[in-house]
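What follows is a set of notes on a single structure, which appears directly below.
Any read-out appearing in this document is the output of simple, stated calculations on the displayed coordinates, not a laboratory observation. Here the structure is a predicted model, which means the values were calculated and not measured. FYI the Cβ positions are ideal-geometry reconstructions off the backbone, even for glycines, and counts take in every protein chain you see.
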Ligand code: ISL
């Protein structure tokens, strides 16, 4: 077959699905999700139509941060299964045409990792410099004013035995690695090789912008003192580390990739992490996740993302929910809005990341104080997935967290049988996106549309789609707007409430409704 031009790399047209292994599916009935549990549910992913999964950490961990505190990067925690289970999961995903990204946490380890246990054993230990140690400030306090994430405590903990402080941007049980030491970089490259050799297609890289540090460890500015240091850690030292990671991935056969968690809350600061096409393949961009359900705020986010990323040829990403933030169903306040947001997310130019459970329209669980387990207050969005309407929803006697509200009517089994369900909407829109080059690869141009709405045209050659989202709780007429003129005679391909699909578009959007339109 003759080629019609460059084919985009898989991660540009893909829909990527995040699995938080603890919360996805419980294979052994102990109330905690695991790798065999994921394997047993791959038919759900196939029916949903996603192209790749990103697995949050399943490595050996004391679980102070539920797996983001790793004590063995190359071993599977027994609660999740075995290395053989990981191999089998990777193989099964591939057999179903689903690529696999695993989480790489390069910035810190668990304090129980043998590297840190060696480092803290004595000032002379060969691994001492794998972490960041400093003497007390002249006043006897921590070396600088940096604050840790999760609770406003210093990002330094004093080690009585060796009389120095170690840096941790997160919990005291998550000491920061010292990337300025080439041995650390080499050790992390070994971890990357270990998983690439096992066949993974790439990595979601945790807090990648946080690995390079100011060699002077200067104080954060006084006006920001008291806020976590992590979203401020934007250092030139990090970029060569990312370039060398990229070179390592590129040295492997197959299209391996990395998506970085750049937790800098301005897209202009995120863009440089794509480098000159020689750093991250993709980067998360969180400002849109924090935008409320508001047309003007979303229009501004779309414009900003386009203006920052397009000129440097960087491919955007879009994400509404993950394991660190309240689900968008909960943030936006209704399932109707969450469903409109689905067509927003999947209709924008860029790679969408779904968070398991959003395809069911789930909101956050209400977690009573006695069941709170996460030091970061993120339990609600980590509630287990209800697989069926039975009491245990597929999780044995008691799952590790309470279920989301409406679990009894929002389970996978319920929704799979109902084409009008949110799951049905995700299936239809993912299939329509895959079938349309305009939607999964095309250009994007915002259209004039009434206040309270945002509309845009996607086009790839002759293939065109228009997306219009009504962010208000009243119906809106597109009469006399550029969006309506462009859609004259067009047909509703997908509607967030299922209304009018296949019929000619009448120029009117329902409350909190979004539509995808195609030429008639
Ligand atoms: O969770 C947050 C806000 O609620 C963020 O500040 C979060 O800490 C930031 O996005 C970094 O997150 C990543 O690294 C953390 C881990 O706890 C998160 O789960 C992970 O996504 C430390 O490894």
With label points set 7 Å from each Cα along the Cα-to-Cβ direction at residue 112 and residue 463, the distance between them in nm comes to 4.9
I need the shape label for the stretch 121-207. Rule: rounded when a/c is under 1.5, else prolate if a/b > b/c, else oblate, with a, b, c from the alpha carbon gyration tensor. oblate
Longest principal axis of the chain (C-alpha) makes with the long axis of helix 295-309 (C-alpha) an angle, in degrees to the nearest 10, of 60
Cα gyration tensor of the stretch 213-323, axes a ≥ b ≥ c as square roots of the eigenvalues: rounded (a/c below 1.5), prolate (a/b > b/c) or oblate? oblate
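Quick one, can you get me the convex hull of the C-alpha atoms of the stretch 114-167 expressed as volume per residue in Å³? Could you put the intermediate results ahead of the total?
Numbers: hull volume 4.5 nm³, N = 54.
Dividing the Cα hull volume of the stretch 114-167 by its residues yields 84 Å³.
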Helix 83-95 axis, angle to the chain major axis (alpha carbon atoms, nearest 10°): 20
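Just round it to a whole percent: the fraction of Cα-Cα distances in the stretch 280-361 exceeding 19 Å.
Details: 1092 of 3321 pairs.
The share of Cα pairs beyond 19 Å in the stretch 280-361 comes to 33 percent.
Could you work out how much longer the chain between residue 92 and residue 408 gets when fully extended? Use 0.36 nm per residue separation minus the Cα distance between them, nm to one decimal. Kindly include the intermediate steps, with their values, before the conclusion.
Numbers: separation 316, 0.36 × 316 = 113.76 nm, distance 2.95 nm.
Between residue 92 and residue 408, full extension yields 110.8 nm more.
I'd like to compare 77-89, 115-127: which one has the highest average count of other Cβ atoms within 10 Å, and what's the full order after that? Let's see the in-between values first.
On the way: 77-89: 17.9, 115-127: 16.1.
So the peptides 77-89, 115-127, ranked by packing, come out 77-89, 115-127.
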For the stretch 63-100, list residues with backbone N below 12 Å from a point placed 7 Å from the Cα of residue 373 toward its Cβ? 63-67, 79-80
Find the centroid of the Cα atoms in the stretch 42-56 and in the stretch 349-363, then give the distance between the two in whole Å. 11
Two-decimal Rg/Rh of the stretch 279-425 from alpha-carbon positions, Kirkwood Rh? 1.01
Using every pair of alpha-carbon atoms in the chain, split the distances into 20 Å bins beginning at 0 and state the percent of pairs per bin, rounded to integers. 22, 55, 22, 2
Within 10 Å, count the other beta carbons around each residue, average over each peptide in 202-212, 414-424, 433-443, and list them highest first. 202-212, 433-443, 414-424
Theoretical FRET efficiency, 1/(1+(r/R0)^6), r = Cβ-Cβ of residue 180 and residue 151, R0 25 Å, to 0.05: 0.35
Could you work out how much longer the chain between residue 251 and residue 501 gets when fully extended? Use 0.36 nm per residue separation minus the Cα distance between them, nm to one decimal. 85.4 nm
Residues of the stretch 80-96 with the amide nitrogen closer than 14 Å to a label point 7 Å from the Cα of residue 28, along Cα-to-Cβ, please. 80-86
Just to be sure I understand: of the beta bridges DSSP finds with both ends in the chain, what percent are antiparallel, rounded to 5? 60
For residue 391 and residue 72, extending 7 Å from Cα along the Cα-Cβ vector and measuring point to point gives, in nm, a value of 3.7
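For a quick protection proxy, order the peptides 133-143, 271-281 by their average other-Cβ count within 10 Å, most packed first. Mind showing how you got there, number by number?
Numbers: 133-143: 12.9, 271-281: 18.9.
Ranked by mean Cβ neighbours within 10 Å, highest first: 271-281, 133-143.
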How far is it, in nm, from the label point at residue 82 to the one at residue 135 when both lie 7 Å from their Cα along the line to the Cβ? 5.2
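Taking only DSSP H segments of four or more residues, each worth -39500 (n - 2.57), what value at 222 nm results for the chain once the sum is divided by all its residues, to the nearest 500 deg cm²/dmol? It would help to have the intermediate numbers written out before the result.
On the way: 16 runs with 134 residues, N = 520.
Helices in the chain give a 222 nm mean residue ellipticity of -7000 deg cm²/dmol.
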For the chain the mean separation of alpha carbon contacts under 8 Å (6+ apart) over residue count, i.e. relative contact order in percent, is 13
